[in-house]
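For reference, the structure discussed in these notes is given below.
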Amino acid sequence: MRYWRKPLDADEIEVPRGDIHIVESQCKGCGFCVEYCPRDVLELASGYNLKGYHPAVVVNEAECVNCQLCEIICPEFSIFVRLKNNQPVCATDIDLRKGVDIIES
């Protein structure tokens, strides 16, 4: 994806990366995850699963930005995404006391 300008804080922001897990035996090959992935991380496999469908497979996991759109849109709940490398999930996971002196009485 190209932007007309580079954001001023692009060097300071760390993009969260996702680790995609697909349960191939549950996938019915509808292709919703493939069509709606903003980074084209998924595609349908050439082989078949046990149900006789072409399941989704990960082809470019390095581009996953953990938007979890594939997880949300999957009608069979056969795909889920986890953060890579123990990245913080929300503000409560970030150590807010970093750089703060705590005085205990």
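For the range 18-93, the mean projected area of the C-alpha convex hull, equal to one quarter of the hull surface, is 5.1 nm². Simple spin-label estimate for Ile13 and Lys84 gives 1.9 nm between the two label positions (7 Å along the Cα-to-Cβ direction from each Cα).
Inter-label distance, Ser25 to Asn60: 3.2 nm, where each label sits 7 Å from its Cα along the C-beta direction. Each peptide among 51-58, 13-20 gets the average number of other Cβ atoms lying within 10 Å of its residues, and from highest to lowest they stand as 51-58, 13-20.
Each value in this text was obtained by applying a stated rule to the coordinates, not by laboratory testing. Because the structure is a prediction, the values reported are computed rather than measured. Reconstructed Cβ throughout: ideal geometry from the backbone, glycine too, with neighbour counts over all protein chains shown.
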